[in-house]
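*Asks:* Have a look at this one before I ask anything.
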Amino acid sequence: LSRLRLLPLAVSPTRESFYLDPCTEAHSAATNSSSKIPSKNAGGRRLSTQVRRTRLSFATSAGHQQPSGALQPSAAGVEGAPGNHQTLETFVAFLQSHGVDITKFGKNSAMAIEDFYKAVVINRQCHLDVVAINDEAPQLERIVALVRVSMRARDPMGELRELRLASTAGDEASAAADLRPTGVSQPLTIIMEDGEHNDWQQALEQHFATTFKVARGAQAECFRCEPDQNTYKEERSSSEILPDIVTTYKSHNVILEVTDVTHEIMGSLGLPTCTDFTTKGRGGSTSRWTWVPLETHKEDQLMEMLLAHGVEVNDFSPNAFAELYDELYERKISSLELVGRELVRTIRVIKVEVHANIFGVEHKLVVKAKYQKGICDDRDAGSPVTMRMSPEQEWQDAAVDALTLRLGFSPEMQKDHLFVDSMSHDVTEEIAYSRTYPGLKSIYEVNKVRAWIMDAQEGRLSAIGLPSATDFTFARRERNSRVAGEGDLVVTQWGWSLSMKQGQATVVARTQSAMDAPQKRRMSTELRPDDKRRVPSLPVEGASSKPYDAKAKPKHKGLPVLCNIMRGKETNWDRARIAATRILDHDYTCKAYHDDITAAFPELSLYCVEDAAEATTCGRTADDEYQRTIGALFALFWLMRAHGDGKESFCFGLDEQWQLRRPSDFLVGDAASAEKKEEWKKRQKFYDSTDWHGLSKLLVDAGLLKAPEGPHDVDRTMAMLVLLAIHDIMKLAALQPTVDRGGFAGFKSGEAITDHDIALSFVLTRAPDLLPSFFGLSTAQRETIKFTHCKLEYNMGWLVQAEAPPGALLRTFKKVVASGKVPASDIAFYFVHWLPVLS
């Protein structure tokens, strides 16, 4: 087809198609003025394709009201009088009656239906025909008539120059984006209004009179047009810009010479000095014009190459062609090559996934929304930091540039606070049709790498929403060296969200929690591998002195269930004090300890309250979580007594009579199965190889014990008991809070906090009175618990499973230690609480 385009092939504007017959001499009249309709016997044979075309008029005559419903076609070539335009609703109904899917408009790169209505009905920049080819069903076709003008003048030095459009900005430019290519160094293009299609000369004269303020008389004096140099072309194509409607572009290509550059009215065109000038268009658009030396332009070559391979430049958005030229020839960050018969654009991209450990939970930085040219674009929502790379740029340098230009995160700050995991670097290819350049196939070579914020608590990181995981915005200027002006202002809204791994875990947990309670109870008993002994569950009423009232008005709006369940409940401080005081006494048994702690801490009853006790976010039953919590409290009891019988109970456990289990329980009689014997070996090995002295020293460092064999600090022990009692209560799905104001750790106002650790941090921070055992502690002990749960950002699971680099895992911990602001006993207290939890 590109070769045929160069042959003297006659193309009729009436859609009567001809083919070139090499055996017949063409009549000279057919080629003198290609805008004329060639005769049937002129150098070609008519094809058998039968085209039936019905012209549609969308205006009604003055004083005559057209019937409601579908638009009525007028006779071919007959125009309705302007005014009393059809409504948008009638226009939409008409499109739908001809099989056009209206829902596609306004999505992705498609134009809005309001803009299409404005172009067809209001501004009359195109018209619609109903076309039937052979026996096919009639379909809509948009007709756009253009006059492309090569306007030429000589500058004071005698050099021949051509008038070109440098840039266009404004509402009208956006509205007509699919009709006219705007950008750098484009020839003058006139969109012929409906009614001018058969007289391009009239359209040309009218445009110069209204846009350039050159009167028709002055045009006759100063301009000259050589008819034999004019050409005509029709191009038919479909585009994502206009769904379900084919467009035919009818282009008159005209050469217009300025014969008198010194005429006083030529000053409006920047003559005789050929200086740049601006014009105002319809709708408030502003166009900047420039006179360039007449030579072979790269812009023309690029446009011809795109058109030759089926890429309609007319469908590009304003300044898109200039941006494509800039990235290909100026910045050189992309390339074009022919792959098979298709033109393909190749571009390299860097994507940096920024992770941070916030409140002990892994978060990832993502785009929430982007604002450009006054429009909110959420198509990149959820994407990491992304930027184009130059062809020869190393990915390491591109990552630094991307973080600097997209976040304002300077290279110095990156060096101090960011760890880039080079092992995570990966290169993939993504193939898609560009949203910016419709019809142009693009291959994206994506370099993806993961980076970690090493100290999320650092105050200097507040600009990127840390340490509170709040959303933030960053504004930058999207500069283009080939487009006039300062460039587009791009405002990006960023936010911290849970990483994909944790998000998937939450979905799985919710799916599991949707099972009915009897089924979960069967699972907890039937699938338990070794039928571990379980302590009796608390009664439904637990330690509450008032019944549960589902209709009571909550004190904290974001925690309605927790407010109602804990209403009127109080800590039994007498029983709590006994447990904390007697924990080292030789005659204080584990059974007595169990009875005291379950009577003391009302938070334990949350696992047993009806309607709140069945579903948890980790897939276990609420009773399973209750048993695990009691197990952690038992582990603390035994570790504190390691100098006595504690280490034996810790390793081998107790029997049904609360007595220490002996080897005979594993190796003698019915119990002597192969599994039991293997279990005994593991327990015995753990007992023999554990550094019990080191564990006792850790308890001393944490302030729980004053010496390895006692005595102990009662208040410090009380704080540890409370922490273990409340540690996992927010795993209960019914208790999950909703952020009632502002944001919290990456969750927006109105969102439910699905991560149980963040949920507990929310309660400790904003509603501590709902947990009476925590609220009743001294200020110092409450701060210790909050530090342990919220601020150290150390994840034992990451260490055990090697899921994070050392910098991301230990940088905050190292900084806390080095700062000297946190007592060493609080740091040790943090690690002590992990021992019973993991046990």
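The values are calculated or read from the model by the stated rules, or taken from the named source; none is laboratory data. Predicted model only: the values in this text are computed from it and were never measured. Positions of Cβ are backbone-derived with ideal geometry, glycine not excepted, and every protein chain shown enters the neighbour counts. Ligands, DNA and RNA are stripped out before the accessible areas are found, and what is left, the full protein with its side chains, is counted by its heavy atoms. Shrake-Rupley method; radii C 1.70, N 1.55, O 1.52, S 1.80 Å.
*Asks:* Return the loop-located GluC sites (Glu not before Pro) in the stretch 261-310 (DSSP other than H, G, I, E, B) with at most 14 other Cβ atoms within 10 Å of their own Cβ; answer none if there are none.
*Replies:* E295
*Asks:* Now a separate question. Pulled fully out, how much extra length does the chain show between K677 and E89, if you take 0.36 nm times their separation in residues and subtract their Cα-Cα distance?
*Replies:* Numbers: separation 588, 0.36 × 588 = 211.68 nm, distance 8.14 nm.
Full extension from K677 to E89 adds 203.5 nm.
*Asks:* Next question, about the same structure. Less than 15 Å Cβ to Cβ from E226, Lys/Arg counted +1 and Asp/Glu -1: what total charge do the surrounding residues give? Don't skip to the end; give the middle numbers.
*Replies:* Numbers: positive: R152, R224; negative: D228, E257.
With Lys, Arg at +1 and Asp, Glu at -1, the neighbours total 0.
*Asks:* Counting only heavy atoms of protein chains, what accessible area per residue, in Å², does the stretch 241-308 have with a probe of 1.4 Å? Write down the numbers at each step before the final one.
*Replies:* Working: 2970 Å² over 68 residues.
On a per-residue basis, 44 Å².
*Asks:* From the phi angles alone, apply the Karplus equation (6.51, -1.76, 1.60; θ = phi - 60°) to the stretch 155-165 and give each ³J(HN,Hα) in whole Hz, x where the residue is Gly or Pro.
*Replies:* 7, x, 8, x, 7, 6, 10, 10, 6, 9, 7
*Asks:* Using the heavy atoms of the protein chains alone and a 1.4 angstrom probe, what is the accessible area of the stretch 758-832 per residue in square angstrom?
*Replies:* Details: 3070 Å² over 75 residues.
Normalised by residue count, the accessible surface of the stretch 758-832 is 41 Å².
*Asks:* Would you list the P(r) distribution for the stretch 699-839, with all Cα-Cα distances sorted into 10 Å bins from 0 and each bin expressed as a whole %?
*Replies:* Here the calculated profile for the stretch 699-839 is 11, 36, 37, 15, 2, 0.
*Asks:* Here is a further query. Highest first, please rank the peptides 107-115, 397-405, 430-438 by the mean number of other Cβ atoms sitting within 10 Å of their residues. Could you put the intermediate results ahead of the total?
*Replies:* Working: 107-115: 16.7, 397-405: 19.2, 430-438: 14.8.
By packing density, highest mean first, the sequence is 397-405, 107-115, 430-438.
*Asks:* Could I ask something else about it? Give the long-range amide H neighbours of F223: residues separated by 5 or more places, or on another chain, with amide H under 5 Å away, using H modelled in the peptide plane at 1.01 Å from N.
*Replies:* Sorted by chain and number, the residues that satisfy this are T259.
*Asks:* How large is ³J(HN,Hα), in whole Hz, for each residue of the stretch 718-734 in order, when computed from phi with the Karplus curve 6.51 cos²θ - 1.76 cosθ + 1.60 and θ = phi - 60°, using x for Gly and Pro?
*Replies:* Listing the rounded values in order: 4, 4, 5, 4, 5, 4, 5, 5, 9, 3, 10, 5, 7, 6, 6, 4, 5 Hz.
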